[in-house]
Amino acid sequence: MMQLYLNMKMLRINDDNDVKREITIHVLRNHIAEGWGRGVLLLCLFAVSVLSWGQQPRVVAELDSIAILIGQQTHLTLEATAGDAARVDFPDFQPRTYLIPGVEIVDVSRVDTARMEGGQKRLSQRLTLTAFEDSLYGIPPIEVQVDGHPYSSKTIALKVVTMDVDTLHLDQFFPPKDVQSNPFLWSEWSGYFGLSVLMVVLSMLGIYLFVRLKENKPIISRVKIIKRVPPHQKALQEIDRLKADKLSASEDQKVYYTRLTDTLRRYIEERFGFSAMEMTTTEIIDRLWQSGDQTMIAELRELFETADLVKFAKYSALINENDLNLVNAVHFIDQTKVEGLPTEERIVPTLNESDIRTMQNRRLLKFMLWCIGIGVLAIFCYVAYGLVMLL
């Protein structure tokens, strides 16, 4: 009994599972003959040992199907069970490689980990296998490292079989057929043909409308800005040119007075708004008098009367008289001029009914051309896509 006690104490002290197993076997050998009481105690120790063996790492490899046809696939599941703190390293499997000669690895899944009771974990990995030769393959044990120690699965077999071929009745087999074209069905093409005709008609209509639009000249209504010179400035500029020509001292006084009176008549016509170019001297003076503007009427009457005598009665005025009439003309313009008149005039053209109708027609033609262009483009894209799909 003392020896048995010492052996149990050593069993508790030693944590190595192999040592426990050896001690248990040794105890059984030495004390099996000591009686039934000791045998019961030894059976308890054996049960403890069995439980400790259950904690050993285990590696299992299983196939979903042990027999497949050529080219079919099967899955090999590799599982390893170990303690939670154990480090487990699976082999480095790669797709498109051979597990063994003739058995190809198609795909490799990642390693999944599941927690178990009793402080253990289970790690699993699935390999997708296939083979292309009729044979019986023996898959050797797959080694997994647990804390640096190798543990292996059992050898498993994979049977790859081929299809049975009836070589006695060859008339039921036929050679490969040639590539055949699809039959022509008008129902598949009729819709696209009609749309193509519609596209051509719309294109011709668009061309006709485009030609009509080009032939119909657009109505351009632009606002004109005209710069206007005030009447007094134009009159003074003409008098300056008259001075520059020195006609007051020339013998041809008729030209001098004609130009001077025409300048005054145009100024009066633009300034006071009546047709002074077509009036006589008396009519011009009376019209100015009636309008209420009596500035320098006497001097203006004397100037026009002198001019009439020179032009029609061959009167010859003196040089100082010519100069005086010129000064009076300038003085009359300065006294009657209006400052602050606009120097620019904005002229907006007015369109008649025909022009308005023409502009509306052009807008309608442009709108129709845009609609036809968009429609033709949409029909072309749809028909092209449909023909490509049919061909």
Might you let me know whether region 100-112 holds any residue that is among the small types (Gly, Ala, Ser), outside any loop (DSSP other than H, G, I, E, B) and touching a strand residue (DSSP E or B) at 6+ places or on another chain (Cβ under 8 Å)?
-> no
So which strands (runs of 3 or more DSSP E) stay within region 36-89 end to end and still have 2 or more residues that are at pLDDT below 95 and within 17 Å of Pro141 (Cα to Cα)?
-> 58-63, 73-83
Residue check, Asn325 assigned to a helix (DSSP H, G or I) and touching an Asp or Glu at 6+ places or on another chain (Cβ under 8 Å) = yes
Among residues of region 116-134, those that are crowded, with 16+ Cβ neighbours inside 10 Å and over 56 Å from the mean Cα position of the chain (by Cα), counted | 1
State whether one or more residues within region 75-95 are under 17 Å from Phe132 (Cβ atoms), surrounded by 11 or more Cβ atoms within 10 Å (Cβ to Cβ) and out of contact with any Asp or Glu (no Cβ under 8 Å at 6 or more places or on another chain).
-> no
When region 142-160 is checked residue by residue, the ones that are loosely packed, with under 14 Cβ neighbours inside 10 Å, on the phi < 0 side of the Ramachandran plot and not charged (D, E, K, R) are His149, Pro150, Ser152, Thr155, Ala157
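The values are calculated or read from the model by the stated rules, or taken from the named source; none is laboratory data. Keep in mind it's a predicted model, so treat the numbers as computed, not measured. Note: ideal-geometry Cβ built from the backbone for every residue, glycine included; neighbour counts use all protein chains shown.
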